Structures are given as C-alpha cells and as structure tokens.
Amino acid sequence: MVGVLLPLPLAGAYDYKLPAGCNAARGALVAAPLGNRAVLGVVWGTAEGTVGDNRLKIAEPLEGAPALPAKLCDFVDWVADYTLNPPGAILAMALRSRGAFEPETMRIAYVRGPVTPPRMSAARQRALEVAADGLARSVSGLAEDANVSAAVVRGLIGADALVPTQLPEFPPFQMPDAAFAVPQLNGDQALAAQALRDAVAAKRFSAHLLDGVTGSGKTEVYFEAVAAALRQNRQVLILLPEIALTMQFLERFAARFGVRPAEWHSDLSQKERRRTYRAVMRGEARVIVGARSSLFLPFSDLGLVIVDEEHEQAFKQQDGAIYHARDMAVVRARIEDCPVVLASATPSLESFVNATSGRYAHLKLASRHGVAEMPSVQLIDLRHERDPVDAEHKAQWLSPPLRAALERTLGAGEQAMLFLNRRGYAPLTLCEACGHKFTCPHCSAWLVEHKYKRRLACHQCGYEMAMPTECPQCHESGTLIACGPGVERVAEEFAAFFPQVRYGIASSDTLVHTGPGEMQGPLKLFARGEIDVLIGTQIVAKGHHFPQLTLVGVVDADLGGSDGDLRARERTFQLLHQVSGRAGRAEKPGLVLLQTRNPDDAVMQALARGDRDGFYEQERQFREAAAAPPFGRLVALVISGHDGEAVRAIARQLGKSAPPARDVKVWGPTPAFYALLRGQTRERLLVQAAKGVDVQAYLKAWLAAVKTPAAVRVAVDVDPVSFF
Ligand code: ADP
Ligand code: ZN
Ligand code: ZN
C-alpha cells in the first residue's frame, strides 16, 4: 500500500495498492484509477491505511519507471504548506508536460549501407559522399545537405546504399561551454564573481543579493557563477520575469557560452515542452532560462539558481495557486542545497533587509561598467511651471523645461524617451453635460479610450466598445471629453510641438508578446536609430540598452504613488529608477526629468539625490514602525463569486469567525479595490500577524471552521504584494 498524490486539488494523497511484487519509492510515476479513468499520479509516501487493503485499487507503475526527483516532491510539499494550497494543485505545476513520461517515440533516419549501387550519377555520388561521415539523417536532411532531390535519396535507399536506423525523437540539447568567451571583469565584478564561484564550489545552500546599479554588469557576473556550475557538470536555473525573457537575452547567453540555453515559458509548444522536460529530468539540459513556472521542473542535479530582476512583481503568480517565484526559488535552493543569487538594481525591500542584516551575502556593484556614468536626475515642479509661449494652452502634459530638454537632445542628434505608465489615450471619458462616466459593465473600472482603435476598453477584463458619438445617459452629442493622459495622448502633444521628429509608441497593446522574440516594432526602430523618440509604458522601462538614448522624461512621476498600499512607494521608486537607468548607458551622459506635483515627497527626493540606500533605509524604518513585511506578516483573503450576496455573506461569516489570537489582527471584510472584476463580486480580509506567528496554522484552523458553497471562492494570498 502506498499514498499516491494526484495532480488535482484534493485534500491529500490517496491510498492505492501496487501490483504484486512491485516496489516504488517516493516520486515514482503511476497510472492511478480514479472513477472510471486512469490519472497520472506520483507515489508520495506510505498509505494512511484508513481503507481496507482489499478495497484498494491498483496503481500501475509507468513503463520505463520514470520518477520525479525526491527533492522536487519535498519542494511541492513545502510550497503547498506555505501557500495553503492542496499539494495536488502544486504537483500539477510540476507535471506540466503531457506525454513527457510516455516511452520516447523514435524517428527513422538513414546511414551509409554496405552496398554500392550499380548505377551511379553525379547526384548519387554527392549524396553518398555526404553520408560517408556516418551521421544519421532524414531523407529531407540528407537531400538538403547534399543538394540533391529527395527522389535521389529514396533511390539510394531502394538500392540498399542507405540503410534505416532509429534516432531519438528530439535532437539533444547542446552543451554550453564555460570557456567559450570569458570576459575581462573589472574590480567590483571580479570580487562578486569570485564570491559566487566559491559558493557554487561549496555545493551548499547560500543566498546572495547581487545588488548593482543598472549597467554595472550583473549579468556578466552571474554568468561566471553559471560557468562554475557548468564546470562541475551541474544544472542551472535562471529565472527571469516573462517580459525580460527575450531573444536579446538568449543571444547574449550564446555569446558567452557558445550555444543558446534551454527555454521554459508559456509560449513553448507541447512538443518543445516534452523535449525540455525530459532533458531536464535526465540532466541533459544544463542551463534552463525560464519564467516562474520553470521553478517546478524536475532537475536531476541542480547546482545553482539565479533570479534576475528579483524585485519584479511578475514573479508573483496571482491566479490559481498563488505563490512568489522569487521566494520559492530560495526555498528550492535550500532543499537542493545549492546557492541562489538574487539580482537587481532596485531590490525588493525584503531582499534588501535580508542582505543588510547579513542573512544573505550582499554583493555590490557600485558603478556602471566602462565610461558610462549614472544619469543626472532633476525634478520639474508642475505646480510652478507656467507656460509663457503657449497662449493656446496646447501644452498639457509636456512642461516647458521638458520641451526645452527635448529640443536640446534632438538637436544634438541624440535620442529621447518619454515615459508614462498608462496605455491608450485617456483613462477616463466623461460627459460634460451630465457627468456620466464610462465604466466597464463587468468590473469596477473606468473604460480607457484607445484613439487609434476608436474604442473604449477595460484594462481589467478586456471588454471593449466602439467609441460612442453621444452620451448614453443624456443623449447629448459632442459632450464627451477625455480626462487625463495615456501614452497616445502624450504622443499627440509631442507631435504637435515637434512635427518633424520621428517617434513611436510602445505599450503592451502595440507590441504583441510572442515569447522570446526579436524586439518588435517601435523598440527595434529605436534601437536602430530609425526613430528618435520612444513614447512608452513600463514595457520600455526595463532591460533595454539603447546607447544613443540620453534623455528620459517621466510625464507623471506621481502616478501610482498615492494608492495608499504598503508597497506603493517601493514600487514607484523601483519603476522610476529603472526607467532612469535607460538614459546615458554609453559614452554620452544621461539626463532624467521627472514631472511631479510632490517634489518634496521622499521618493522624489531620493531619486533626485541619487540616494537609493537612503530611500531603502527610510522605507525600512516605515515598515518596521508599522510592523509590516518583512517585520510582520500579512495574508490576504479574497472572497469572490458571481453571486454578490453569497460572497458578502461568506465574507461576513469569515470576519466574525476569525479565532482570537495574540499578535494576530484581522481587518475587514471590505469591498476589494476592484469590488467587481470580470463580473465577480470581490471582498477582502487582511490578516496581520507578528513575525513569529505561524500564520499557516492560524489560517488552517480558521478556514476549516467556515463552510463555503462551491459558487464562492476563497483565495488565500500569503505575503501579498498587490492589494487589488
Ligand atoms: P546589468 O545587468 O547590471 O544592467 P549588464 O550585465 O547588462 O548590466 O552590463 C551592461 C553592459 O555593459 C552590457 O552591454 C555588458 O555587455 C557590458 N559589460 C559589463 N561588464 C563588462 C565587462 N566586464 N566587459 C565587457 N563588457 C561588459
Ligand atoms: Zn451625458
Ligand atoms: Zn472589465
């Protein structure tokens, strides 16, 4: 009898029998009967024994006896416990390649046979000369290599001059070469790289914050740790936010190691997924670059984990099982007993505190590599910017100092970027006559005007409607006005002032994400110097290296700073610092202008003074005083469903039944920020606990006491990072 975990949201493992004489250890894959079908399952441990042996069904081990590594099973259990998800729901993420465990199908290929055909032609001669190297090729492969037709190859097969053989379904992954192109590191870089090489050599868990300003060479440095792991013949996982997983990155890896790494992200085909999953499980794929889901791959011998841009919120998975891939990467490294490196120019406050308190090693790269200097950052106080030249009030979003700087930069033949973290033309459309505001029918959100598409769109659920010509409430026409700017509107104003200048708009709706592709449209044109100004949302803020870019204008630096959530300051600082980091990355110095109505705000002051550590220190004190993370613990409960009454009733019931406990406070229920989202009513509760409290145990006891109907969902978010 064994306990078998199924990749389904069930409370735990189910008991099964194994066929007579069969032993299977934890991790062994089995086909387990469930109802009238067979489900892929994993032997998890000993049986509970509550069901009599004679009533148990038989779980059949899979052919070839594939197994998940025991450490991956331990990791699944750990994540399930921590995030309060059923272990089967986490296991499902670790089994996300259908067919990876089926016996491998082989493909037919041909090699040179013993017979020399009686009739030779020049084409046959060529084909046989190519085949003389002994490599197995498909018909089309040989035809192509020898520059002959497929018919020629088939003729040679018919004459037994070529004979069939079997090849694995997929070609093997090529081995990255640690010595392919070793860089010359500068002083700080060499120190950091040596610390990481030592950590890899120690083959033990250790955590490192690689904390370096934008352009300081963090990637070059962690590549040295990758090289060290490769020299030990071990595997490496590099986690990137999906948006940073670009062709540029893969090419950069290839420039250092000779071949591209294996990839893992949502755009892989089923077939590529199967190939990569198998190669990871067998240890054949050495370096995997992936988005957060790659954390659950079955590494056979993981020697190093890297999380680049570790502060990114994209590492937090918000739907389904809610987990933070950065935090779980540290856990995975601890279970695998290998080092983990978190890299960022603007670390999360959590990682910063861990590094400064000595829990993580703190590796600093203080300056940009080569001659590039950090850009100068200046504030433009919008409260005092009158516009003397602009009698018609044409200028709403670009202040005179920003326009003057644009003129200077463009006049000098350099490039500029205007940043506004808002897609579309205007975030709100309003009727001047009756005050009607256009909102989404499914969400508590305004509809955003997209002028090029002539539509109003909900950025939460994707609902769209054609731009109306009259007000649906008072039926006046010509009364609808656009309030506030999005990037399209900033572009319109820019074009009015600079009619001769070539510009492009980059936002997630103008760039279609298709996995690690080439830089697209406007980004590509900008990189090639075919346009001079890029106007964009946060999609332009990260990672890109544009050597001719010397001016960054932030249209509204206050955006996002005032929504009152715990992380708003940190997020604003990180985003603006990252945007600023795009300026002046080569020889020419960069200038960053931040338009703000709160120039005295701590975030603005820290950005202007270039005092990053000062900002972190102040933020640390705020959080400590408020007993907020990482000095206290938070868990959010989001109760949602289509039946608003039922949702509110369950939320109230949860609120009332929260067990009293020392050092635990429960806030709410209150309507969530999006009280309606995709047609679902949402209520929130927030648990705040002192650092030493076992919040998981508290929540388990609490949630077990409240029965929720199937139509109401209670999502548990341990360590929430956003509060929508
Ligand atoms: P970060 O990841 O810290 O932003 P990168 O690793 O992308 O920095 O480095 C910024 C630029 O400087 C890249 O073009 C990189 O190739 C170059 N660079 C950094 N360090 C070196 C070095 N030691 N030798 C040559 N080029 C370097
Ligand atoms: Zn109206
Ligand atoms: Zn909506």
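The values are calculated or read from the model by the stated rules, or taken from the named source; none is laboratory data. Please read these numbers as outputs of a predicted model, since none were measured by experiment. Every residue, glycine among them, receives a Cβ derived from its backbone with ideal geometry; neighbour counts consider all protein chains shown.
Summary of values
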quantity: Test: PHE546 is assigned to a helix (DSSP H, G or I) and farther than 16 Å from ASN421 by Cβ; calculated: no
quantity: Search result, residues across the range 184-212 that are within 21 Å of the chain's Cα centre (by Cα), among the aliphatic types (A, V, I, L, M) and surrounded by 21 or more Cβ atoms within 10 Å (Cβ to Cβ); calculated: LEU209, LEU210
quantity: Single residue of VAL371, VAL341, VAL389, VAL307 found to be among the β-branched types (Val, Ile, Thr), within 28 Å of ALA586 (Cβ to Cβ) and at pLDDT below 95; calculated: VAL371
quantity: Unmet requirement for THR346, which otherwise passes all of (1) of a type in the set (Val, Ile, Thr); (2) within 16 Å of ligand 1 (Cβ to nearest atom); (3) within 28 Å of ALA70 (Cβ to Cβ); calculated: (3)
quantity: Pairs where the first residue, in the range 463-485, is within 27 Å of LEU559 (Cβ to Cβ) and the second is among the β-branched types (Val, Ile, Thr) and more than 16 Å from ligand 3 (Cβ to nearest atom), C-beta under 9 Å, 6+ apart; calculated: LEU480/THR469; PRO485/VAL555
quantity: Test set (1) within 30 Å of GLY187 (Cβ to Cβ); (2) in contact with an Asp or Glu (Cβ under 6 Å, 6 or more places away or on another chain) - THR356 fails condition number; calculated: (2)
quantity: Residue match in the range 135-144 (condition: among the hydroxyl-bearing types (Ser, Thr, Tyr) and surrounded by fewer than 18 Cβ atoms within 10 Å (Cβ to Cβ)); calculated: yes
quantity: Cβ-Cβ under 6 Å pairs, at least 6 apart or on other chains, the range 577-590 side within 15 Å of ASN421 (Cβ to Cβ), far side charged (D, E, K, R) and modelled with pLDDT under 85; calculated: GLN578/LYS542
quantity: Some residue of the range 318-338 being surrounded by 17 or more Cβ atoms within 10 Å (Cβ to Cβ) and under 30 Å from THR596 (Cα atoms); calculated: no
quantity: Considering residues of the range 610-639 that are of a type in the set (D, E, K, R) and touching a residue at least 40 places away in the same chain (Cβ under 8 Å) only, the residue surrounded by the most Cβ atoms within 10 Å (Cβ to Cβ); calculated: ARG633
quantity: Only one of SER376, SER344, SER367 that is in contact (Cβ under 8 Å) with a residue 12 or more places away in the chain, among the hydroxyl-bearing types (Ser, Thr, Tyr) and crowded, with 23+ Cβ neighbours inside 10 Å; calculated: SER344
quantity: Odd one out for ALA314 among (1) surrounded by 24 or more Cβ atoms within 10 Å (Cβ to Cβ); (2) touching a residue at least 40 places away in the same chain (Cβ under 8 Å); calculated: (1)
quantity: The range 493-502: number of residues that are touching a residue at least 60 places away in the same chain (Cβ under 8 Å) and surrounded by fewer than 16 Cβ atoms within 10 Å (Cβ to Cβ); calculated: 3
quantity: Any hit, the range 150-160, residues being in contact with a Pro (Cβ under 6 Å, 6 or more places away or on another chain) and not β-branched (Val, Ile, Thr); calculated: yes
quantity: Criterion: surrounded by fewer than 16 Cβ atoms within 10 Å (Cβ to Cβ), within 26 Å of GLN318 (Cα to Cα) and not polar (S, T, N, Q) - qualifying residue of GLU470, GLU432, GLU476, GLU464; calculated: GLU464
quantity: Only listed residue being surrounded by fewer than 24 Cβ atoms within 10 Å (Cβ to Cβ) and modelled with pLDDT of 95 or more, chosen from GLN232, GLN270; calculated: GLN232
